[in-house]
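Report on one structure; see the data block that follows.
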Amino acid sequence: MKVELHMGGWMINMGLVGLYRVFEYGRKHEIISEEHKHSVTVKPWGIELDTEVLPQLPRAYFLYLLEEYSVARRECERLDAYIEQVKNEEQFKNHLTAIKKVISDTGTKIIKYFTHETLESILKQIKEIKKYEQVHQLEEHIRTLKQVYSEPKINEKLTFNYFKHAILKPLFFGQVSFLNVSKNNLDFEGHVEEFYNSYIFPVVNDLYLESVINDSHSMEEISSLLEKQSEYQLFRQLKRAWKKKTLEEVREYVKTEINKCLLFNERLAFYNFEEMVFSPIGVAKDKAFNFSWYFNGEQPRPLSSLAKLVLLFAPIGSTIYYKNEGINEQTERRLYAGFVQTDATFAEVLQKNNHFRELKKKREPFNKIVSQLVQSVKKESEYTVDHLFFLEFFSDYDSKKTHLHYYHLPMYLAHYFKQHADRLDYIKPYDYREQFVQSVLRGADPIHVIYHYLRDCIKNERSTNGPYIAVRERNRILQFKKGVRDMATTDKRVTALFMQGREIRDAIIRSSGSEKKVTSIAYRLLNAAKAGNRKSFMDTLLRIYMSTDRPMSPIFLNALHERDLDFATVANAFIAGLLANQYKEEQEEVQA
Amino acid sequence: MIGLDTLKGNEIELDELRVVISSPDYEFLLHLYNGLQSKKRFEYKGYEFIRRKIVMGEEKKITSSVVIFRTLSPLLIEDEKKIPIAPDDPNYEKHINYLADTILYEYRGRGLYKPLTVRPIRFKKMVIKESNHQFTEKYGEQQHLYFTAYHGLFHMSGEPADLQLLYQLGLSKRRNQGFGMLEVEEVKE
């Protein structure tokens, strides 16, 4: 039977992309049998699915995850990296401690599940290694360890644990079906079976029931189906409810009593959209009062088994990556799921997300990703670009917490990124760039990032080339928003302010001979700028100029009337200049 | 302002001259500063001035509604008929209010937020003798303009924002001729 799976909101699109990826993977690795290799086809509106292939999906699903998150591969790469470091004699002691910890951590995890003599003896022997002379011994042990990790049984167990407990459960589903702690002892086949029972089996039956209700001419067919699959809880209920009904009455019942699916509108919904289906935005069924359907407090939002299945593929459709949240000391590393959503055809959604995933895997910074994804911006595709947005969420099932960010990409930003995104690379360290780009994408002013950044530069005497670029790029974005496309004049103004800052810096250092005075002035100016106190800023500025006995550029008047530049740009560009150390390489970069 | 040394007839002999300019308008101050920067020598009526150092004075922040002002240059208060009003005149406060209201209206497009009350602490009468080229053309070199103004200390209350602006702008007639510059002696809590 062929079913149409239409694209919709980002949630369902994530699932569809995931489903397609799993199918493709299965087809390539011959997990999906030859006769079904055309069962999933891409259509402009989504996916056409032949339900015959469904029973083969669970196996492909787990094998896909097994490959994607292979712990053996990750651990081996890690060990390779460590062994390189350990070869450095001076650093030997430090790295040895780290490497021992990594090995014993993974080792204990394995021993928890398997008795493994080789591993145990290696763990013991590694403890004995203390001197640099033993480095060859260590290398030898690591070689053996890599083999141990790569043993299919061990890799499988550790990898399953990882993607279940680090990704699927906290980010997407909670403790449902094979994710429940009671299913921890299941082996590979056990997982496949559990998947089949709780997801595939209902879909197959529900779809069959739908077709029988629509096509059959007598009640017998329906009754015999319900009879045949009596181990399906739902069918037992329906059997009771439809016992003495005629075909017409049953059809009427279906029409009036059974809801249609929230995500695939033509499907019958026997399930609900709740926490276990998609935990980032789902709510437990009996607590979802404000999500009730048709104002009926008893009925949460209806969902078909098919939609439930598709959502199970969401973790594979999205891109999973670590992200630092917060600035400076308050950063927290969190696992995020990201997705690129557009109004384009399914093929394009798929392609954009594959691209997104590749870039993330290469650890490309966000601005690069954005600029690459909008490379195809052309006049004729403006509509699509207008509707391109990024979405990412962090979710923690146990603490019932979700951070969901939408990053819209309006036209002016698309153009900006296309032309200037590589300039943002000068914003270092990476965290500031990421923050900068994300607040821009969120439609917010990145000015707070710049304030933090400048403060950091004053405190840690970092090069202020980065903040200067940040100030300039922020100004460019503001100009783009206003519709200005030629940056020559306003860039010149920003540069002029930066240069003014540098000159004053030189003058102060020449007269006082110390950096301290510059630092204190920079702090004062920064505080004034941050507080939006134009008067206090101008006051300080006039005093500096008077003390150095130089004329003050009228460009500073923008701090008051903001005719050509906004106050923040004036202030921050000047401060960045004031803090600039004069290294040669910097000057080159500034010309960018 | 004048560091007074010796008076020789109609001339005052000085070693140096300090000019204080006060304004709430940074734009004006910036242009003024840049102008002074670009010109170091000035000539005026055959006298020569060399600009030395430019510094920014400390401006006090008026945070309460009561302040004591000291005049840095005398206040010139006149009534509708241009007759000078002395601080002990019962209408003095009324005229000060009218003047302050006009000054603020001119600067920010809105007059006083709250009427001022003025209480003189100590005032000294001062007659200013002046001339300008228009007056000289009409009446000759020998004739002079005389302004009866008052110098001293006084107590003023009103809206802090008004007081701050009056402090920056000056409070008097003929402010651009140097009348009416104020200094905050004390901000009462």
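The values are calculated or read from the model by the stated rules, or taken from the named source; none is laboratory data. The structure presented is a predicted model; accordingly, all values stated were derived computationally and were not measured. Cβ atoms come from the backbone with ideal geometry, glycine included; neighbour counts cover every protein chain shown. Just so you know, the surface numbers come from the protein's heavy atoms only, side chains and all, with ligands and any DNA or RNA stripped out. Shrake-Rupley method; radii C 1.70, N 1.55, O 1.52, S 1.80 Å.
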Set of lysines near A:LYS2 by C-alpha distance (under 25 Å), chain-local residues within fewer than 8 positions excluded: A:LYS28, A:LYS37, A:LYS43, A:LYS228, A:LYS255, A:LYS260, A:LYS308
Efficiency of FRET from Cβ geometry, A:SER514 and B:ALA86, R₀ 45 Å, rounded to 0.05: 0.25
FRET efficiency estimate (nearest 0.05) - Cβ-Cβ, A:ARG73 to B:LYS53, R0 45 angstrom: 0.05
Semi-axis lengths, Å, the range A:1-155, gyration tensor of Cα atoms, sqrt of 5 times eigenvalues: 46, 17, 12
Chain A - accessible surface per residue (Å², probe 1.4 Å): 47 Å²
Gap separating the Cα centres of the range A:491-522 and the range A:224-239, nearest whole Å: 81 Å
Cα gyration tensor, chain B - rounded (a/c under 1.5), prolate or oblate: oblate
Gyration tensor (alpha-carbon) shape descriptor, the range A:408-535, a/c threshold 1.5: prolate
Residues in the range B:39-71 that, when all protein chains are in place, have 40 Å² or more less accessible area than the chain alone would give (probe 1.4 Å): B:MET56
Lys/Arg +1, Asp/Glu -1 at C-beta; the protein assembly as shown dipole; positive extreme among A:TYR162, A:SER304, B:SER157: B:SER157
Chains B and A, summed buried accessible surface - 1.4 Å probe, Å², nearest 100: 1500 Å²
Radius of gyration and maximum dimension Dmax of the range A:450-505, Cα, Å: 12.5, 37
Kirkwood-type radius of chain A, with distances r between different C-alpha atoms, in Å: 28.3 Å
The range A:78-232, relative contact order in percent, only Cα pairs under 8 angstrom and at least six apart counted: 13 percent
Positive-end residue of B:HIS133, A:HIS116, A:PRO280, charge dipole of the protein assembly as shown with Cβ unit charges: B:HIS133
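If each DSSP helix of 4+ residues adds -39,500 (n - 2.57) and the sum is divided by the residues in the protein assembly as shown, what number results at 222 nm, nearest 500 deg cm²/dmol?
The helix contribution divided over the protein assembly as shown gives -15500 deg cm²/dmol.
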Residues of the range A:543-557 buried by at least 30 Å² on assembly (accessible area, 1.4 Å probe, chain alone as reference): A:ARG543, A:MET546, A:ASP549, A:PRO551, A:MET552, A:LEU557
Separation between Cα centres of the range A:152-201 and the range A:338-357, rounded to whole Å: 27 Å
Within the range A:485-560: Cβ-based charge dipole about Cα centre, in debye rounded to nearest 20 (Lys, Arg +1; Asp, Glu -1): 180 debye
Surface per residue (accessible, 1.4 Å probe) for the range B:15-99, Å²: 67 Å²
Cβ-placed point charges (K, R +1; D, E -1), dipole of the range A:392-480 about Cα centre in debye, nearest 20: 260 debye
Shielding score for A:525-538, defined as the mean number of other chain Cβ atoms within 10 Å: 1
Mean projection area, nm², convex hull over Cα of the range A:199-274: 5.1 nm²
The range B:9-95, relative contact order [Cα under 8 Å, separation at least 6], %: 11 percent
Cα convex hull of the range A:390-480 - mean projected area over all directions, nm²: 6.7 nm²
Positive-end extreme of charge dipole, chain A - chosen from A:CYS76, A:LEU225, A:GLY26 (charges on Cβ): A:CYS76
Residues losing 50 Å² or more accessible surface upon assembly, the range B:11-27, compared with the chain by itself, 1.4 Å: B:TYR26, B:GLU27
With every protein chain in place, chain B: carbon and sulfur % of accessible area (1.4 Å): 51 percent
Gyration tensor (alpha-carbon) shape descriptor, the range A:114-181, a/c threshold 1.5: prolate
Exposure rule at most 14 other beta-carbon atoms within 10 Å, DSSP loop trypsin sites (Lys or Arg not before Pro): chain B longest free segment: B:111-189
For the range A:199-346: relative contact order, % (alpha-carbon pairs under 8 angstrom, 6 or more apart): 17 percent
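Leaving out ligands, DNA and RNA, and with a 1.4 Å probe, what % of the accessible surface on chain A is carbon or sulfur?
That share works out to 48 percent.
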Karplus (6.51, -1.76, 1.60) ³J(HN,Hα), θ = phi - 60°, over the range A:94-101, in Hz, Gly and Pro reported as x: 4, 5, 4, 4, 4, 5, 4, 5
Dipole magnitude of the range A:88-162, debye to nearest 20 (Cβ charges: Lys/Arg +1, Asp/Glu -1, about Cα centre): 280 debye
Net lengthening on full extension, A:SER218/A:GLU89 (0.36 nm per residue, minus Cα-Cα): 38.1 nm
Pairwise label distance in nanometres, B:THR136 with B:ARG108, each label 7 Å out on the Cα-Cβ vector: 4.0 nm
Cα-Cα P(r), the range A:168-297, percent of pairs per 5 Å interval: 2, 9, 15, 19, 17, 15, 12, 7, 3, 0
